[in-house]
Amino acid sequence: MHSCSSRVSGRNEQVGEEIVRESPSLQFKKVDYRDKDALVAAMKGVSLVVHSAGPFQQRQTAEVLEAAIGAGVNYQDVCDDVDHMEMSRSLHDDAVESNITAAICTGIYPGISNLMAAKAIRDLDAAPEQVTFDYFTA
């Protein structure tokens, strides 16, 4: 039998502690995505990193993907920025050499946001007759 555990990471320890209080099965690890060495250390023993610490616009590096490559950990992000996507794509050969899968730009819009809406609808006492999606990004 396989086991699965999830860890939430971020810079704000108060937010992390609140998340763990609300979902005790989660673990929290304080780490700043801008500190590559700390990221690599935090990724040790992890099977998959899901990077959702946006916004991705105006970033000069793909630091979380670089850390995942350095740690030999599979990677997924929800990036919606073309420049960041190109930076990530430029790391393809490094990811292959590190023997990891890097799924970039898997998106919040419409991907994960639609799944969140579907779950919310399932949680309602009565399903609505119609659901309309509107997307806005800054």
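The values are calculated or read from the model by the stated rules, or taken from the named source; none is laboratory data. Just so we're clear, the structure is a prediction, and the values are computed from it rather than from any experiment. Quick reminder, even Gly has a Cβ in these numbers, built from the backbone with ideal geometry, and neighbours come from all protein chains shown. We work out accessible area using only protein heavy atoms, side chains counted, and drop any ligands, DNA or RNA first. Shrake-Rupley method; radii C 1.70, N 1.55, O 1.52, S 1.80 Å.
When a 1.4 Å probe is rolled over the protein heavy atoms, the share of accessible surface on the range 1-92 that falls to carbon and sulfur comes to 48 percent.
Labels on offer are (1) 11, 40, 38, 11, 0; (2) 11, 34, 35, 17, 4, 0; (3) 13, 45, 33, 8, 0, and the one holding P(r) over Cα pairs in 10 Å bins from 0, in percent computed from this structure is (2). If you take all other residues with their beta carbon under 14 Å from the beta carbon of GLY72, and give Lys and Arg +1 and Asp and Glu -1, the sum is -2. Listed by chain and number, the lysines whose alpha-carbon sits under 30 Å from that of LYS119, ignoring those within fewer than 8 places in the same chain, are LYS29, LYS30.
Leaving out ligands and nucleic acids, and using a 1.4 Å probe, what accessible area per residue does the chain come to in Å²?
Normalised by residue count, the accessible surface of the chain is 71 Å².
Dipole size of the chain about its Cα centre, with +1 on Lys/Arg Cβ and -1 on Asp/Glu Cβ: approximately 420 debye, rounded to the nearest 20. Taking 0.36 nm per residue of sequence separation and removing the Cα-Cα distance, the LYS36/VAL8 pair yields an extension gain of 8.4 nm. Simple rule: put +1 on each Lys or Arg Cβ and -1 on each Asp or Glu Cβ in the chain, find the dipole, and look at VAL50, VAL8, LEU124; the Cα lying farthest toward the positive end is VAL8. For the range 14-120, chymotrypsin sites (Phe, Trp or Tyr not before Pro) are listed when DSSP marks them as loop and at most 16 other Cβ atoms sit within 10 Å of their Cβ; the list is empty.
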